[in-house]
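The values are calculated or read from the model by the stated rules, or taken from the named source; none is laboratory data. Model, not experiment: these values are computed from the prediction. No Cβ is skipped: glycine too gets one built from the backbone with ideal geometry, and neighbour counts run over all protein chains shown. Accessible surface areas use protein heavy atoms only, side chains included; no ligands, DNA or RNA. Shrake-Rupley method; radii C 1.70, N 1.55, O 1.52, S 1.80 Å.
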Amino acid sequence: MTNLTRRNLMKAAAATGLAGALGNRLAIAADEPLGITLVLPSPVGDVGWGHALAAGLEPVKAAYGDKVKVTVLENIAEGPDADRIMNKTVADGNKFLVAGSFGYQNGALQIARRDPSVTVLHASGFQLAPNFSPFAARYFQGTYLLGMAAAALSKTGKLGSVSAFAIPELITSINAFTLGAQTVKPDIEVSVVWVNSWFDPAKEQEAAKALMAQGCDVIFSNAQDTPSVIAACEEAGVYAFNLNSSMKKYAPKTYLGCVATDWSPFFKASVDAHFAGSFKGANTFLGVADKVIEVVDWNPDIPADMMTKIKEIEAKIADGSFSPFTGPITRADGSEGVAVGATLADGEIVAMNWHVKGVATPLPK
């Protein structure tokens, strides 16, 4: 696997001339490997979102060997630079693109529309094309379970979340965390600090400390690509958990657990379909039942009776008999979010732009 940075890619684009690269695309021989490019907004590192996506491509490499060539582009900022770089990698002959951030959507979609021979997978998002699939994880299934555990261990009744951006994927994670906690302690309160970054260790650590100063004794690190929140909580003796990949080594005592993602089944199926010429763009929303979401590294401090309840709910989520977003659910502003007996459809979940009652911090405008 080749790891490249924004600086290296921009030098290459300047040297060859992006317009020339697009206008003089080399024909790729049928026996040449399929070029697969993963573009990330942060470093791959040993934990977090980027790490989980890169790990998801390892089984693809194992299955196809020299029939594929995987390149990882790290630290690619969302915006014009990302668009130029994604265009450059496709112009160089790579026919399979994994755009690993919400902000890459428009540029990646344009690539798919211009070149039907390219398969594009895009993290989150909502756009769709015959060769363009947005993919997202049902993190909320795992955060609901960790909310139950958090409430069982909380002494203050105050929970916190250091969250990256106020997008539906992260809003649903906070809401489910709150709802799960409320099944144990109905009056529990969740405070949120939005850091507006996927990767800012100093800002994340400051946010965690601010939440702890407010009395939050369990903190959810919501989509950070660094272990800053987890490490700060360990130092303070506060329970914490995160998404995507385990950070237990950074908090051996106070790590509550991880909503881990395994993207390999989805990536492998998509590459299979590309080779077979049968890929069809679809909104892909994967969770516990798909073996993509799994809560791991449960803290032994969680009471045994609570773990029994958690496992019972987890089994119901897996078999489809329970959804965290089944009513009655009240919004933070007091209005009805979900009626009694109703369950939010996937389309309503992926577009969620409101908090449930119990989340004390208003959404940013």
**Study point:** Pick from the range 263-310, criterion assigned to a loop (DSSP other than H, G, I, E, B) and either of a type in the set (S, T, N, Q) or free of Cβ contacts under 8 Å to residues at least 40 places away in the same chain (or both), ranking: most open to solvent (accessible area, probe 1.4 Å)
**Key:** 291
Check your understanding: Regarding residue 225, is this residue closer than 20 Å to residue 139 by Cβ, modelled with pLDDT under 95 and among the charged types (D, E, K, R)?
Key -> yes
Revision key, fill the gap. Of the residues in the range 122-138, those that are open to solvent by less than 10 Å² (accessible area, probe 1.4 Å) and either in a helix (DSSP H, G or I) or closer than 22 Å to residue 171 by Cα (or both) number 6
Revision key, fill the gap. Condition set in contact (Cβ under 8 Å) with a residue 12 or more places away in the chain and open to solvent by less than 60 Å² (accessible area, probe 1.4 Å), scope the range 333-350, selection nearest to residue 163 (Cα to Cα): answer is 349
Study note, to complete from the structure: So, first residue at negative phi in the range 113-133, second residue charged (D, E, K, R) and open to solvent by 10 Å² or more (accessible area, probe 1.4 Å), Cβ within less than 8 Å, six or more apart or across chains; the pairs are 117/95; 118/95; 119/95; 129/113; 130/280; 132/113
**Study point:** Count of the range 311-332 residues which are without any contact (Cβ under 8 Å) to a residue 24 or more places away in the chain and either farther than 27 Å from residue 268 by Cβ or polar (S, T, N, Q) (or both)
**Key:** 9
Check your understanding: Identify, please: which residue in the range 165-222 is open to solvent by 10 Å² or more (accessible area, probe 1.4 Å), touching a Pro at 6+ places or on another chain (Cβ under 8 Å) and within 20 Å of residue 356 (Cβ to Cβ) and is, among those, modelled with the lowest pLDDT?
Key -> 166
Study note, to complete from the structure: Inside the range 312-322, the number of residues satisfying the requirement of being farther than 19 Å from residue 341 by Cβ and surrounded by 13 or more Cβ atoms within 10 Å (Cβ to Cβ) is 2
Study note, to complete from the structure: Being at pLDDT 95 or above, of a type in the set (A, V, I, L, M) and farther than 23 Å from residue 346 by Cβ narrows 137, 151, 129 down to just 151
Review point. Does the range 153-180 hold any residues that are of a type in the set (Gly, Ala, Ser), touching a residue at least 40 places away in the same chain (Cβ under 8 Å) and not in a strand (DSSP E or B), and which are they?
Key: 154, 164, 166, 173, 176, 180
